[in-house]
Amino acid sequence: MRNGYRVVDVDSHVTPSMEVLNKFAGEEMKSRWNEFSPYFRTMNSPLGRGHPESPWTTIKINPIPYDRIAGQPAVAEKVKAGGSGPLEGRVQNIAEDLPTTGTQHENSEGRISDMDTEGVDVNVLIPGTWASASSSLDSSLTTGLYGAYHSYMKEFCSNHPNRLKGLMLAACGDVDWTVKELKSRGEEEWMSCVWPILPEGLPVDDPSLEPIWEVMNDLELPMIYHSFFYEPPYFPGYRDIWGNAAIARCAAHPWGAQRIVSYVICGGILDRYPNLKICCCESGHGWLPYWLFRLDSQVEYVKGAVPKLKCLPSDYARQGRVLCNIEASEGEMMTKAVIDLLGENCLVYGSDFPHPECDWPKSVDNVLGWKSINETAMKRLLGDNADSYLR
């Protein structure tokens, strides 16, 4: 609790190393572990990012470096397996203090301590870029890695199941495996939502994915979407961004969120499955009313392109079935504007902890300082909407 408010952080991160994931992999997956080696990248992370103090290994599938400095001539992108991502060495840590070492890997007790420092009741734990990028691998490698991650999540959350909540990685390239995994793990206490990982070119409203939505609906597990920008499946328009990392990241998150929200609504998924909801994380929130109001008009104007919906697109946000976590950088006035336009049910709190974009340990206090947000709306923003959204 913070100043009497329950706080649920819907955008916090873990990035378990390949060394950690290997511990939780099945024997068949361990026997094939060397197949990941072309993508291995050794990381020497700065202090204060929640990583180990010693080097650790992750995988980079085909990262686009986005090397062009704005105002300089175009350069050829050097995309290669195991290459560096465009943020390595380029971002500044805005945190006032340093989170506990290892909180992104195996140190769940340190995680709880850091949450207590900031006054956060619940962390929803989202994995890093490797999770979505793995969708471009052989499907058996993807599902083997996802299975290891789920076992890791169960262990990481086990001592504090009411405060540490994970998500299932739904391998949409292998519907049968995903349905089986949902049925096997879907009622485990750590699982609060599902991230559908869509291989390049597969729309979220493709009929082949209906069995996944059906099981999620039965289990009352909502969708979560987290955008990344430099690994496959790449964001909409990634080849037309002219090679700059700051502008690519600025565009990628809202563009990806706008696309998936549009098709979840217009594909009729929310109408067919009344227990489903979707929350977009780390994509900002100021775009939500603009985009949904525009979509309201287009589903009427472009006749025949969208089946008859039960509601206008913007109404799903008013009902609390389409949500965004706030980006603190968009500020108080933008947040108030979204609430004024779409009501109090569509926004949840998220900090990006312990990534360098998070102003830890002041993130909650910064939001509580937004005096134009009334007490009821603040209560919904910080905790109640997340409690209604999450399983």
*Tally Lys and Arg at +1 and Asp and Glu at -1 over the other residues with C-beta under 14 Å from the C-beta of Pro254: what net charge comes out?*
0
*Under a cut-off of 17 Å between alpha-carbon atoms, report the aspartates and glutamates in cross-link reach of Lys362, not counting same-chain residues fewer than 8 places apart.*
Asp9, Asp11, Glu96, Asp97, Asp114, Asp116, Glu118, Asp121, Glu327, Glu330, Glu332, Asp352
_In the chain, if the dipole is taken from +1 on Lys/Arg beta carbons and -1 on Asp/Glu beta carbons about the Cα centre, which of Ile224, Ala81, Gly201 is farthest to the positive end?_
Gly201
*Using label points projected 7 Å from each Cα along Cα→Cβ, tell me how many nm separate Asn374 and Met43, to one decimal.*
4.3 nm
*Determine, from the Cβ-Cβ distance of Lys80 and Trp33 and an R0 of 25 Å, the FRET efficiency 1/(1 + (r/R0)^6), rounded to the nearest 0.05.*
0.75
*Answer with one residue from Gln104, Ser192, Ala133: the one whose Cα lies farthest towards the positive end of the charge dipole of the chain, charges on Cβ with Lys, Arg +1 and Asp, Glu -1.*
Ala133
*As a check on your grasp of the helix formula, calculate [θ] at 222 nm for the chain: sum -39500 (n - 2.57) over DSSP H runs of n ≥ 4, divide by the residue count, round to the nearest 500.*
-10500 deg cm²/dmol
_At 0.36 nm per residue, and after removing the present C-alpha to C-alpha distance, how many nm does the segment from Ser151 to Asp97 gain when stretched out fully?_
16.3 nm
*Excluding Ser45 itself, calculate the net charge of residues whose Cβ lies under 10 Å from the Cβ of Ser45, where each Lys or Arg counts +1 and each Asp or Glu counts -1.*
-1
*asked:* Report the gain in length on full extension from Ala337 to Asp296: 0.36 nm times residue separation, minus Cα-Cα distance, nm rounded to one decimal.
replied: 12.9 nm
*If you rank Val302, Val10, Val264 by fewest surrounding Cβ atoms within 10 Å, what's the result?*
Val302, Val264, Val10
*Let a ≥ b ≥ c be the square roots of the eigenvalues of the Cα gyration tensor of region 304-391; is it rounded (a/c under 1.5), or, if not, prolate (a/b larger than b/c) or oblate?*
prolate
_Ranked Trp33, Trp195, criterion: other C-beta atoms within 10 Å, fewest first_ = Trp33, Trp195
*Per-residue Cβ neighbour rank within 10 angstrom, fewest leading, Ser135, Ser113*: Ser113, Ser135
*Excluding residues fewer than 8 places away in the same chain, name every one of the aspartates and glutamates whose C-alpha is closer than 12 Å to that of Lys277.*
Glu220
*asked:* Counting other C-beta atoms within 10 Å, and keeping those with at most 11, which DSSP coil GluC sites (Glu not before Pro) do you find in region 45-152?
replied: Glu53, Glu96
*Beyond 18 Å between alpha-carbons counts as too far, so tell me which of Lys165/Lys336; Lys336/Lys371; Lys60/Lys80 fall in that bin.*
Lys165/Lys336
*What is the distance in Å between the Cα centres of region 154-230 and region 311-353?*
23 Å
*Length gain on complete extension for the stretch Trp242 to Ile69, per 0.36 nm per residue less the alpha carbon to alpha carbon distance?*
61.3 nm
_I'd like the distance between the alpha-carbon centres of region 42-97 and region 259-295, rounded to an integer number of Å._
30 Å
_Could you tell me the relative contact order of the chain? Use alpha-carbon pairs under 8 Å, at least six residues apart, and round to a whole percent._
21 percent
*Say the dipole of region 242-386 comes from +1 at the beta carbon of Lys and Arg and -1 at that of Asp and Glu; which of Cys281, Met378, Phe353 then lies farthest toward its positive end?*
Cys281
*Where in the chain are the helices, taken as whole DSSP H runs, whose Cα atoms extend 18 angstrom or more along the long axis and whose Kyte-Doolittle mean reaches at least 0.5?*
245-266
*Under the classification rounded if a/c is under 1.5, otherwise prolate if a/b is larger than b/c and oblate if not, where does region 253-307 fall, given a ≥ b ≥ c as square roots of the Cα gyration tensor eigenvalues?*
oblate
*asked:* What is the sum of charges, Lys and Arg at +1 and Asp and Glu at -1, for the other residues whose Cβ falls under 10 Å from the Cβ of Asn62?
replied: +1
*Would you list which aspartates and glutamates come within 15 Å of Lys180, measuring only between C-alpha atoms, while excluding same-chain residues fewer than 8 positions from it?*
Glu188, Glu210, Glu214, Asp218
_Cleavage-rule hits (chymotrypsin sites (Phe, Trp or Tyr not before Pro)) in region 200-266: DSSP loop, at most 13 neighbouring Cβ within 10 angstrom_ = Trp242
*Could you pull out every residue, at least 5 positions away or on a different chain, whose amide H is within less than 5 Å of the one on Asp11? Hs are placed 1.01 Å off N in the peptide plane, and Pro or chain starts have none.*
Val124, Ser351, Asp352
_Rounded, prolate or oblate (a/c below 1.5 giving rounded, otherwise prolate when a/b exceeds b/c) for region 1-82 by Cα gyration tensor_ = oblate
*About the Cα centre of region 8-389, what is the dipole size in debye to 20, counting +1 per Lys and Arg Cβ and -1 per Asp and Glu Cβ, all else neutral?*
840 debye
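Each reported figure results from applying straightforward, stated rules to the coordinates on display, with no laboratory input. Note that this is a predicted model, so its numbers are computed, not measured. Because the Cβ atoms are built from the backbone with ideal geometry, glycine has one as well, and the counts that use them run over all protein chains shown.
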